[in-house]
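Asks: Mind looking over this structure? Questions follow.
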Amino acid sequence: MSSIDASTEGRGPATPARPETVAAFLDYLAAQKGYSPATLAAYGVDLDQFEEFLRGRGISLATPEKVAREHGRGFLAELHRRREAKTSMGRKLSALRGFFRYMLRKKLVAADPLAGLKNPKTDKRQPKALNVDEAVALVSPAPGAPAADGSREACRDLALAELLYGSGLRVAEAVGLDLDDVSIAQGVARVYGKGGKERLAPLSDASRERLREYAMRRAEFTPDPREQAFFLGSRGGRLNRRQAARIVDALAREAGIAKHTHPHMLRHSFATHLLESGADMRSVQELLGHARLSTTQRYTHLELARIMQVYDKAHPRSDEADCGHSIPKKD
């Protein structure tokens, strides 16, 4: 068995104690950087795997000054050997780079041993989105469908799905909403994105109606006034990401959507449909809460692909172009 065959779901009972340097780094990311619990858990797994790899060579992240460039290369080679996904390898290297930058600031190392170590090249994957008809079908169940039975769960599920698609929220942002964050009357939700960055997300008319219906039924999940979570699970506590993912997938199957549908696909659909309708890139960037415009620009490739399909089907010269005939250029 490989020395880094640790579970990606968490640290197993046989995993050695986590070095204090790693624990301090994760505490720093949580307190100072506002990283989400999911990101912190992933970084913890990555650092634990590297720690296990190092212990097989007689060193530890407890003494980060002993880690050399060759250890980083060896770890990367081991991941290659295990055919780890390139995106996963990139995330692991990102976690390690962050750790050693933190060690540099604390003056526990003289230099970053991973400096110059490049991420493996990954194929650029475009975000997958539903088309407009699929998205509308998902949030508008047909009469007789389970999601249209009028139950408290159906009311909550449709409110969640409409919010994810209508406002483009990340699933963590949606389930993280508290009662005070949602103003149905004003038509906005106060959202805390990556790094704890706050933004106001506008609510569509359809979303406001669904949220209003759910808000009237919310007390059926719990009468406890101390519970501040907006979206609640069947036991009265805050709805979690996995529950939200199951809700979206179930709604998609009821709508006859064959492909696996997850909450982030509704966010992609939100962005894609806005751009297809003529929204400008900067506005979509702000609505999505992207720190970089380049992240939002991924969606332009989807729009370009759609434009080219329309051209190929409708333009009288497209067939000649496909057969190798040149289209005369204007002087």
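The values are calculated or read from the model by the stated rules, or taken from the named source; none is laboratory data. As the structure is a computational prediction, the values presented were derived from the model and not from experiment. Glycine gets a Cβ as well: all are built from the backbone with ideal geometry, and neighbour counts include every protein chain shown. The accessibility values were calculated without ligands, DNA or RNA, using every heavy atom of the protein model including side chains. Shrake-Rupley method; radii C 1.70, N 1.55, O 1.52, S 1.80 Å.
Asks: Roughly how large, in nm² to one decimal, is the mean projection of the convex hull of the alpha-carbon atoms in region 17-165?
Replies: 13.0
Asks: What does the net charge come to around Arg253 if you take all other residues with beta carbon closer than 11 Å to its beta carbon, with K and R at +1 and D and E at -1?
Replies: Result for the local shell: 0.
Asks: Of the heavy-atom accessible surface of region 132-313 (probe 1.4 angstrom), what whole percent is carbon and sulfur?
Replies: Whole-percent figure for carbon plus sulfur exposure: 52.
Asks: Right, another one. Determine the per residue accessible area of region 20-106 with all protein chains present and a 1.4 angstrom probe, expressed in square angstrom.
Replies: 49
Asks: Moving to a separate point now. Roughly speaking, what is the stretch gain from Ala17 to Ser283, that is 0.36 nm per residue apart minus the C-alpha to C-alpha distance, in nm to one decimal?
Replies: Taking 0.36 nm per residue and subtracting the Cα distance, the gain is 91.1 nm.
Asks: Here is a further query. So how far apart, in nm, are the two label points at Gln186 and Arg73 if each is 7 Å from Cα heading toward Cβ?
Replies: Output for this residue pair reads 5.7 nm.
Asks: Another one. Using a 1.4 Å probe over the heavy atoms of the protein chains, calculate the carbon and sulfur portion of the accessible area of region 20-106 as a whole percent.
Replies: Numbers: 2070 of 4240 Å².
Solvent-exposed carbon and sulfur of region 20-106 make up 49 percent of the total.
Asks: Rank His273, His260 by accessible area, highest first, at a 1.4 Å probe radius?
Replies: His260, His273
Asks: With a cap of 15 neighbouring Cβ atoms within 10 Å, and only residues DSSP puts in a loop, list the trypsin sites (Lys or Arg not before Pro) found in region 126-159.
Replies: Lys128
Asks: Can you give me the orientation-averaged projected area of the convex hull built on the Cα atoms of region 189-261, in nm²?
Replies: Numbers: hull surface 26.1 nm².
Average of the hull's projected areas for region 189-261 equals 6.5 nm².
Asks: Any of Lys194/Lys259; Lys118/Lys259; Lys107/Lys197; Lys92/Lys194; Lys66/Lys194 with alpha carbons more than 24 Å apart? Name them for me.
Replies: From Lys194/Lys259; Lys118/Lys259; Lys107/Lys197; Lys92/Lys194; Lys66/Lys194, over 24 Å: Lys194/Lys259; Lys118/Lys259; Lys107/Lys197; Lys66/Lys194.
Asks: Could you calculate the FRET efficiency of Arg152 with Tyr28 from 1/(1 + (r/R0)^6), where r is the beta carbon distance between them and R0 is 56 Å, rounded to 0.05?
Replies: After rounding to 0.05, the efficiency reads 0.85.
Asks: Once you put a point 7 Å from the Cα of Arg55 and another 7 Å from the Cα of Thr87, both along the Cβ direction, what distance in nm separates them?
Replies: According to this spin-label approximation, the distance is 3.0 nm.
Asks: When only alpha-carbon atoms are used, what values of Rg and Dmax, in angstrom, describe region 20-106?
Replies: Spelled out, the Cα radius of gyration and Dmax of region 20-106 are 12.6, 36 Å.
Asks: At 0.36 nm per residue, and after removing the present C-alpha to C-alpha distance, how many nm does the segment from Glu227 to Arg105 gain when stretched out fully?
Replies: 39.9 nm
Asks: Under the rule a/c < 1.5 gives rounded, and otherwise a/b versus b/c splits prolate from oblate, where does region 132-313 land using the Cα gyration tensor?
Replies: Since a/c reaches 1.5 but b/c is at least a/b, the shape of region 132-313 is classed as oblate.
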